[in-house]
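K.L.:
Take a look at the following structure, please.
Just so you know, all these numbers are worked out from the coordinates, no wet-lab data involved. A quick note: this is a predicted structure, and the numbers were derived from the prediction, not measured. Please note: Cβ atoms are built from the backbone with ideal geometry, for glycine as well, and neighbour counts cover all protein chains shown.
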Amino acid sequence: MSNETKSAKLRSVGKKPSEDPVAAVLLAASKLRAIPTYRNYGQASNWIVPARDSLLISLADLAEARGDEALAETLRKINRPRCTHVDEDEDGDDAEICAEILRDRDLRTTEHGMPIRLCPRHYLEMLEDDAEQARRWKEEQREQQEKDRARRERILKVPCERCEAPAGQKCRTAKGVFCPEPHDARCKTADRRTRLEVEN
Ligand SMILES: [Zn+2]
Ligand SMILES: [Zn+2]
């Protein structure tokens, strides 16, 4: 570098952004922000930085050449995929968009190949929520099965007025074959008795 160029560079470093075009470009670059173009069901996705990757990289190189490592780093990462999690308050209004920049190892997909774009913290939360939901679902299934079993027992205790099966015996068809399900009339009688028992 010639002495003349060197001193020109030194002069330009000392200039204010208004009179230094490079500093003005970097100042504008430092104001670039990623914005989500899609928001739905507590998720913010399709983050767009209003600048092409090639421009962002050039700006990062420029920032680095000017010794602004922090801005260079930001510009290199700004277009990376971000966490899509949105914390919503009770009214369903957006409270907070996470938008954490994801590392390669955070780029997961569902078993159906749909992208999961969550930071480690929100990914863990999702897993916990899923586990909790699965646990609740199983519990509900178990309760329903228990209710059905108890009802079948109560129905069997009532004689059937349709096929005249006595208490304790399964209903039969006209041909004398056991029915897979008790007759409707028998179920209704049993349910009516249960209701009366509950009321008294
Ligand atoms: Zn997050
Ligand atoms: Zn019957």
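K.L.:
Let me know the charge dipole size of region 9-160 about its Cα centre in debye, to the nearest 20, where only the beta-carbon of Lys, Arg (+1) and Asp, Glu (-1) is charged.
P.N.:
460 debye
K.L.:
Which angle from 0 to 90°, rounded to the nearest 10, does the C-alpha axis of helix 53-65 make with the longest principal axis of the chain?
P.N.:
50 degrees
K.L.:
Sticking with this structure for a sec: What aspartates and glutamates sit close enough to LYS77 to cross-link, taking a C-alpha to C-alpha distance under 20 Å and skipping anything fewer than 8 places away on the same chain?
P.N.:
Counting by Cα, and skipping residues close in sequence, LYS77 has these aspartates and glutamates nearby: ASP53, ASP61, GLU64, ASP68, GLU69, GLU100, ASP104, ASP106.
K.L.:
For a test of understanding, tell me how many lysine pairs in region 128-199 have Cα atoms under 25 Å apart, given they are 8 or more places apart or on different chains.
P.N.:
Lysine pairs meeting the criterion: 9.
K.L.:
Among ILE101, ILE35, ILE155, which one moves the most in a GNM of the chain with springs linking Cα atoms closer than 10 Å?
P.N.:
In the Gaussian network model the winner is ILE155.
K.L.:
Further question on the same structure: Helix 3-14: angle to the longest alpha-carbon principal axis of the chain, degrees 0 to 90, nearest 10?
P.N.:
That works out to roughly 50 degrees.
K.L.:
Against the 2.2 N^0.38 Å scaling, with N counting residues, where does the chain land? I'd like the Cα-based Rg ratio to two decimal places.
P.N.:
Dividing the Cα Rg of the chain by 2.2 N^0.38 Å gives 2.10.
K.L.:
So if I place +1 on the C-beta of Lys and Arg and -1 on the C-beta of Asp and Glu, and nothing else carries charge, what would the dipole magnitude of region 128-199 be about its Cα centre? I want it in debye, nearest 20.
P.N.:
For region 128-199, the charge dipole is close to 680 debye.
K.L.:
Please compute the net charge surrounding ALA131, taking Lys and Arg as +1 and Asp and Glu as -1 over other residues with Cβ under 12 Å from its Cβ.
P.N.:
Neighbour charge sum, excluding ALA131 itself: -2.
K.L.:
Where does helix 184-199 land angle-wise versus the long Cα axis of the chain, in degrees 0 to 90, nearest 10?
P.N.:
Roughly 80 degrees, rounded to the nearest 10.
K.L.:
Next question, about the same structure. Only Cα pairs within less than 10 Å get springs; with that Gaussian network setup on the chain, which residue of ALA150, ALA60, ALA72 has the largest fluctuation?
P.N.:
In the Gaussian network model the winner is ALA150.
K.L.:
Select from ARG162, ARG66, ARG108 the residue whose mean-square fluctuation is largest in a Gaussian network model of the chain (Cα-Cα springs shorter than 10 Å).
P.N.:
In the Gaussian network model the winner is ARG162.
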